[in-house]
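The values are calculated or read from the model by the stated rules, or taken from the named source; none is laboratory data. Keep in mind it's a predicted model, so treat the numbers as computed, not measured. Positions of Cβ are backbone-derived with ideal geometry, glycine not excepted, and every protein chain shown enters the neighbour counts.
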Amino acid sequence: MRAYTEKVQVITGQALTPNGRTVFTNQLPLGEGWYRMDLTFTINLTLGTGAGVTAGNDYELRVIRGIQIRTDKGEMIVNLPGRALHKIAWMKAGCQPHRDVMAAVGAPTAYQVHIPIYFADPWALRPEDTVLDTSRYNSVTLDVSMGPAADLLDAIGTGTYTATMDCNLVRSKGPLDKEAKPIAHISYDFRQPIDASVGTVIDLERATDLWLRRLYIHESVVSAVANAGQPCWGINSAAVQNIVSVRDQSGFIVQQRAAANVAFDNKIEFGLESYADDVAAPANAVGGRPMIGWYCHDFMEHDDSANSALFTGNKSILQYSWTNIGGPAAGSFITAVTESHRTLK
């Protein structure tokens, strides 16, 4: 594939709006097949009287509240926060994409975060099944939502930040050959977070055009900056879920597995080299888990074929459920993140 692809930078140093949205359309060239989009965020933090930059809290990821990629045909390709996309890329690459861990310093300091977004699935038997063929569209929109400065600190004080973004594409050299045309488009999305102290079931999306490839689960506990409505929020934790399951109307698809065992299986399945969730906090590596509070249920692992993905259109029920470890405190959130493919429109 490398001989027929190229890497190009299409956006350089674009200022992003703190606590707001920045939308890109005209900057994205169309016509080729996109295999991957690499976003590099530079976050310039002025601490002021702010405090509470705690290692392991992913502040530099959490402020990237939302990334959407959608087409003029009404296809939602990406609808996730930066934290989720960073962790998905970590699993696909087998190593953590670059990120500078924030520290409590007074002078303005620049932190960079790299978020690769995979359209072609490197783990699939035929990655090109979901390459994004931009020759099909009149426009593709990238919509980036940044949070307030309070997302970066437990105590905001007079802390402020600015941010810029670069965008690189790994794309085909010219239009895709007919043999490399996609059969579907990738879709990254999430379900509304559930407070584990209130409920232990998440209803997953079901549709006649949707095949679930992988289900990712983010687990977190309450913090001073907890936000109930924001997916993949809070402090990464492995102290909430005990036994986890996925079921439909016919019974178990994933039958009552210990969450810890899912994490251990993920390490060997995806070749995760690091034991620490945060490069500055190896103490987070509880029990040898490489990604605290992050789990993947891979429905394609049998043969890595798109045909093995879980078709949801014939399900009257499709649920993720778990039992709790003890009684979790209010604000212990579970977010279900889905990687699916959908029929081209």
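Things to note:
- Among residues that are touching a strand residue (DSSP E or B) at 6+ places or on another chain (Cβ under 6 Å), surrounded by 21 or more Cβ atoms within 10 Å (Cβ to Cβ) and outside the structural domain of Q230 (by TED's automatic domain parsing), A89 is not included.
- The numbered conditions (1) surrounded by fewer than 16 Cβ atoms within 10 Å (Cβ to Cβ); (2) not assigned by TED's automatic domain parsing to the domain that holds V337 are all true for G229 except (2).
- Restricting P116, P122, P97 to those that are part of a loop (DSSP other than H, G, I, E, B), touching a Lys or Arg at 6+ places or on another chain (Cβ under 7 Å) and not assigned by TED's automatic domain parsing to the domain that holds S316 reduces the list to P122.
- Entirely in the stretch 137-209, the strands (runs of 3 or more DSSP E) that have 3 or more residues that are in contact with a Gly (Cβ under 8 Å, 6 or more places away or on another chain), among the hydrophobic types (A, V, I, L, M, F, W, C) and within 18 Å of P231 (Cβ to Cβ): none
- Selected residue (criterion: nearest to D154 (Cα to Cα)) from residues of the stretch 207-224 that are buried (at least 19 other Cβ atoms within 10 Å of the Cβ) and among the charged types (D, E, K, R): E219
For (1) at pLDDT below 95; (2) small (G, A, S); (3) crowded, with 20+ Cβ neighbours inside 10 Å; (4) farther than 21 Å from S340 by Cα, each residue gets a yes or a no:
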residue	(1), (2), (3), (4)
A163	no, yes, yes, yes
D166	no, no, no, yes
P182	no, no, yes, no
Y188	no, no, yes, no
E205	no, no, no, no
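- Being buried (at least 16 other Cβ atoms within 10 Å of the Cβ), closer than 30 Å to Y137 by Cα and of a type in the set (K, R) is a property that holds for R70.
- All positions within the stretch 41-61 that are crowded, with 22+ Cβ neighbours inside 10 Å, more than 22 Å from the chain's Cα centre (by Cα) and assigned to a strand (DSSP E or B): L45
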